[in-house]
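See structure below.
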Amino acid sequence: MALLPILRYPDPRLHTKAKPVARVDHRIRKLAADMAETMYEAPGIGLAATQVNVHEQVIVIDVSEDKSKLLTLINPEILAREGECEGEEGCLSVPGVYETVKRSQKVRVRALGLDGQPFELDAEDLLAVCVQHEMDHLQGKVFVEYLSMLKQNRIKAKLAKKARITA
Ligand code: GNR
Ligand code: NI
């Protein structure tokens, strides 16, 4: 296992669209294991391959209290959506920024698991939000892009200032 470096907004590589995984093989299982380790270490409740500069459709999520319910979603698709909810989101690629985003309250998702077999997942509330946040990453979208330009520019300035201090 290995910890992977996480890209920071506004890195243009975060806007890369991920390709579907053609075959769930050893390489993909190793990527998913390294992503899970990176997510737990951060710590975060989800991580998309895009954030570690791999542009293939792989997501890991664990919204459980005791970090015991790791979900790996490969080539995820949303089959159905229901309701709306607003909640504060954060992102490991946008550290220190928490903003309210509107999402579907429930989503039904189809994906491949680590065994390469398709499965369906009914997600609601935080899990549904996390699935949508991670699937956005795979499309090259970061949650701050739902905010006004004014807010996006303030966030860019704040992160640029922080990067100068830590550099
Ligand atoms: O750790 C994370 N927390 C979080 C909180 C609210 C909504 C979404 C998230 S996902 C985030 C980890 C991350 O950046 N995933 O891409
Ligand atoms: Ni994120």
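The values are calculated or read from the model by the stated rules, or taken from the named source; none is laboratory data. All of these numbers come straight from a predicted model, not from anything done at the bench. Because the Cβ atoms are built from the backbone with ideal geometry, glycine has one as well, and the counts that use them run over all protein chains shown.
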Find the residue count for the range 80-136, including only residues that are part of a strand (DSSP E or B), aliphatic (A, V, I, L, M) and under 21 Å from Leu159 (Cα atoms). 1
Whether any residue in the range 28-46 is crowded, with 19+ Cβ neighbours inside 10 Å, in a loop (DSSP other than H, G, I, E, B), more than 16 Å from ligand 1 (Cβ to nearest atom) and at pLDDT 95 or above is what I want to check. no
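Among the residues that make up the range 61-71, is at least one of them touching an Asp or Glu at 6+ places or on another chain (Cβ under 6 Å), away from ligand 1 (no atom under 12 Å from the Cβ) and over 25 Å from Thr166 (Cα atoms)?
Kept after step one, since they are touching an Asp or Glu at 6+ places or on another chain (Cβ under 6 Å), are these residues of the range 61-71: 69-70.
This time we only want the ones that are away from ligand 1 (no atom under 12 Å from the Cβ), so: 69-70.
Going one step further and asking which of them are over 25 Å from Thr166 (Cα atoms), we end up with 69-70.
Scanning the range 61-71 turns up at least one residue that is touching an Asp or Glu at 6+ places or on another chain (Cβ under 6 Å), away from ligand 1 (no atom under 12 Å from the Cβ) and over 25 Å from Thr166 (Cα atoms).
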Could we say that Val109 is within 16 Å of ligand 2 (Cβ to nearest atom), of a type in the set (Val, Ile, Thr) and closer than 16 Å to Met135 by Cα here? no
Determine, yes or no, whether Leu70 is farther than 30 Å from Gln105 by Cβ, modelled with pLDDT of 95 or more and away from ligand 2 (no atom under 16 Å from the Cβ). no
Given (1) in a helix (DSSP H, G or I); (2) surrounded by fewer than 22 Cβ atoms within 10 Å (Cβ to Cβ); (3) touching a strand residue (DSSP E or B) at 6+ places or on another chain (Cβ under 6 Å); (4) of a type outside the set (Ser, Thr, Tyr), where does Asn75 come up short, assuming only one miss? (1)
Could you check Glu37 against (1) away from ligand 2 (no atom under 13 Å from the Cβ); (2) closer than 19 Å to Ala128 by Cβ and say which number it fails? (2)
Quick check: anything in the range 84-94 within 27 Å of Val21 (Cβ to Cβ), hydroxyl-bearing (Ser, Thr, Tyr) and either surrounded by fewer than 15 Cβ atoms within 10 Å (Cβ to Cβ) or within 11 Å of ligand 2 (Cβ to nearest atom) (or both)? yes
With respect to the numbered conditions (1) crowded, with 21+ Cβ neighbours inside 10 Å; (2) more than 10 Å from ligand 1 (Cβ to nearest atom); (3) more than 18 Å from Leu70 (Cβ to Cβ), which one is the sole condition not fulfilled by Val142? (2)
If you take the residues in the range 142-156 that are touching a residue at least 12 places away in the same chain (Cβ under 8 Å) and not β-branched (Val, Ile, Thr), which one is nearest to ligand 2 (Cβ to nearest atom)? Phe143
If you go through the range 137-155 one residue at a time, how many are outside any helix (DSSP H, G or I) and not aliphatic (A, V, I, L, M)? 4
Check whether at least one residue in the range 108-128 is under 22 Å from Lys19 (Cβ atoms), hydrophobic (A, V, I, L, M, F, W, C), in contact (Cβ under 8 Å) with a residue 12 or more places away in the chain and surrounded by fewer than 19 Cβ atoms within 10 Å (Cβ to Cβ), and report yes or no. yes
